[in-house]
Amino acid sequence: MSPRVLVIGLDCAAPRFVFGPDAFDLPNLRALMERGCYGPLESCHPPITVPAWACMMSGKDPGELGCYGFRNRADYSYNEMITANGAAIREPRVWDILSRHGKQCVVLGLPQTFPPKPLKGCLVSGMDTPDTSVDYTYPKSLKREIERACGEYIPDVKDFRTEDKEGLLTRIYALMDNRFAVAKYLMKTKPWDFFMMVEMGVDRLHHGFWKYCDPLHPKYVPGNPFEHVFRDYYSAVDSKIGELIAIAGDSVSTIVVSDHGAKAMRGGLRVNQWLIDHGYLRLKDTPAAGTRFEDCAVDWPNTRAWSSGGYYARVFLNVQGREPEGCVPQSDYDRTRDEIAAGMSSIKGRNDGPLNNRVLKPEEIYLQTNGIAPDLIVYPDDLNWRAIGTVGHDSIYADENDTGPDDANHDYNGIFISSEKMVSPPRTILDVAPGLLNRFGISRKSS
């Protein structure tokens, strides 16, 4: 008999709360773990939703995909950035390969699946869906079918960086209810050998409520009204997972996975401000405090580097012959890059303590560097801090996020749970796609 596999993705689900020291009471996930296997799953660089899910489902790293974050440079100009939706992913993903081998696939809510592409089965796109006025399903007729059966589809939580926490929590639960309702409908009404869904609410919960739930967060206040929202939401998701497992039946192999983890965000590093202070980035005018870099008049002929990014920083050099007004000679590229890397690695914390910035070179962490890769990737305080892009400050240190309230940063390890025991469980997200294909007797090399 052909195997049937159910994959449930929980974006940002943290090992700490599933099988770690602060694990919640999650009976359905615990039953899977007791029956099969589980463990941490190392994410990609950078460990963020885009491109992590695409990496997981293609077995390719961000450099091979040419996708280094939510927004990527479209060319070597200074302002052209493109959002990396499904059109940015040109490598086949698991469902593409299975479709070519005649397997019926259902894909629901995966990031970077809009606009929908044909497959053998059906697809409902995820968080990169602009809104529900567009065609977000394959086939197109499935959109109206879902809306009749489950109500209006919710691609993502709107405005999750907000001070209206009651409203945010309502929207997060609404997303979960909607996503699992659609999953149950598709599971019951469509033929499938491979079924995969991703629930985004865990990620939005972490970013919106971490300081309320984690006693280790510097802004935690005991006894606050949101103190147990992590426990309650993980428990609700666990119940929904139990419903899917019951519908799928005992003969189906079930996998629960996350693309990365999360942890408390303890501060912010103003990377562009550091570049200004050290003479690498020059502006034509003195900006007001908190000015977005994108709104600044940059003195490009005298700027050697600038930065973009959020949970991590991407640093770009202004290279002669590459950028329009590049001033770093090709012959001086390595020296300048090494100088910036060393400077950022040696930044100290607020009280002259170690900050432990991690600085990476793309060619050293990726098999290829397709598209336009950053010249450096920087994890402030090894992801305990986030990168802040605004300028006009008298300090490189920040206490708040620059794009709205956010309490969490991403962490390297997500989760992997399988209902079946495995001799060699996946260690990284790049191991997942080959393992899934292997369950169907398909070699990644021959696919």
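The values are calculated or read from the model by the stated rules, or taken from the named source; none is laboratory data. Note that the structure is a prediction, hence the values are computed from the model and not measured. Counting neighbours? That spans all protein chains shown, and the Cβs are built from the backbone with ideal geometry, glycine included. For the accessible areas, the whole protein counts, side chains as well, though only heavy atoms, and no ligand, DNA or RNA atoms are used. Shrake-Rupley method; radii C 1.70, N 1.55, O 1.52, S 1.80 Å.
Rounded to the nearest 20 Debye, what is the dipole magnitude of region 205-314 about its Cα centre when Lys and Arg each give +1 and Asp and Glu each give -1 at the C-beta?
500 debye
With labels modelled as points extended 7 Å from the Cα through the Cβ direction, what inter-label distance (nm, one decimal) is found for Ser141 paired with Thr403?
Here the answer is 3.9 nm between the modelled labels.
Extension gain Asp22-His228, at 0.36 nm per residue separation less the Cα-Cα distance, in nm?
Computed gain between Asp22 and His228 is 72.9 nm.
Report the gain in length on full extension from Lys421 to Asp159: 0.36 nm times residue separation, minus Cα-Cα distance, nm rounded to one decimal.
90.3 nm
Taking every DSSP beta bridge that has both residues in the chain, what percent is antiparallel when rounded to the nearest 5?
Restricted to the chain, the bridges split so that about 55 percent are antiparallel.
Return the single residue from Ile82, Ile97, Ile377 with maximal mean-square fluctuation; model: Gaussian network over the chain, springs between Cα atoms under 10 Å.
Result: Ile82 has the largest fluctuation of those listed.
Under unit Cβ charges (Lys, Arg +1; Asp, Glu -1), what dipole magnitude, rounded to 20 debye, does region 13-71 have relative to its Cα centre?
Magnitude of the dipole: close to 100 debye.
Taking 35 Å as R0, compute the FRET efficiency from the Cβ-Cβ separation of Thr132 and Glu294 and round it to 0.05. Walk me through the numbers before you get to the answer.
On the way: r = 29 Å, r/R0 = 0.82.
Approximately 0.75, to the nearest 0.05.
Take the Cα of Ala149, step 7 Å along the line toward its Cβ, and report every residue of region 77-110 whose backbone nitrogen sits under 17 Å from that point.
Within reach of a label on Ala149: 104-110.
On the accessible surface of the chain, probed at 1.4 Å, how many percent belong to carbon and sulfur atoms?
Numbers: 8660 of 18010 Å².
About 48 percent, which is the carbon plus sulfur part of the accessible surface.
Mean separation of Cα pairs under 8 Å and 6+ residues apart, divided by the residue count of region 332-400: what relative contact order is that in percent?
This gives 24 percent for region 332-400.
Gap in Å between the Cα centre of region 244-322 and the Cα centre of region 50-101?
That distance is 17 Å.
Stretch Tyr185-Ala246 to full length: gain in nm at 0.36 nm per residue minus the Cα-Cα span?
That pair, Tyr185 and Ala246, stretches by 20.6 nm at full extension.
If you count only protein heavy atoms with a 1.4 Å probe, what accessible area per residue comes out for the chain, rounded to a whole Å²?
With all protein chains present, the chain gives 40 Å² per residue.
Compute, for the chain, the length of the dipole vector about the Cα centre, with Cβ point charges of +1 (Lys, Arg) and -1 (Asp, Glu) only. Units Debye, rounded to 20.
Details: 51 positive and 59 negative charges, 308 e Å.
Around 1480 debye, computed over the chain.
Mind sorting out which of [x] 1.18; [y] 0.99; [z] 1.53 is the real Cα Rg over 2.2 N^0.38 Å computed from the coordinates?
Recomputing Cα Rg over 2.2 N^0.38 Å here picks out [y].
Between region 392-434 and region 126-144, how far is it from one alpha carbon centroid to the other, in angstrom?
Each part reduced to its Cα centre gives a spacing of 27 Å.
Please list, by residue number, everything in region 302-342 whose backbone N is under 19 Å from a paramagnetic label point 7 Å out along Cα→Cβ of Ser77.
Of the residues in region 302-342, 306-308, 316-327 have backbone N under 19 Å from the label point off Ser77.
Based on the mean of other Cβ atoms within 10 Å per residue, sort peptides 379-390, 170-181, 150-161, 215-226 so the most packed one is first.
With the highest mean Cβ count within 10 Å placed first, the list reads 379-390, 170-181, 150-161, 215-226.
Could you calculate the FRET efficiency of Ser239 with Lys284 from 1/(1 + (r/R0)^6), where r is the beta carbon distance between them and R0 is 41 Å, rounded to 0.05?
0.10
Which of the residue pairs Lys190/Lys421; Lys120/Lys184; Lys211/Lys421 have a Cα-Cα distance greater than 25 Å in the structure shown?
Check vs 25 Å cut-off fails for Lys190/Lys421; Lys211/Lys421.
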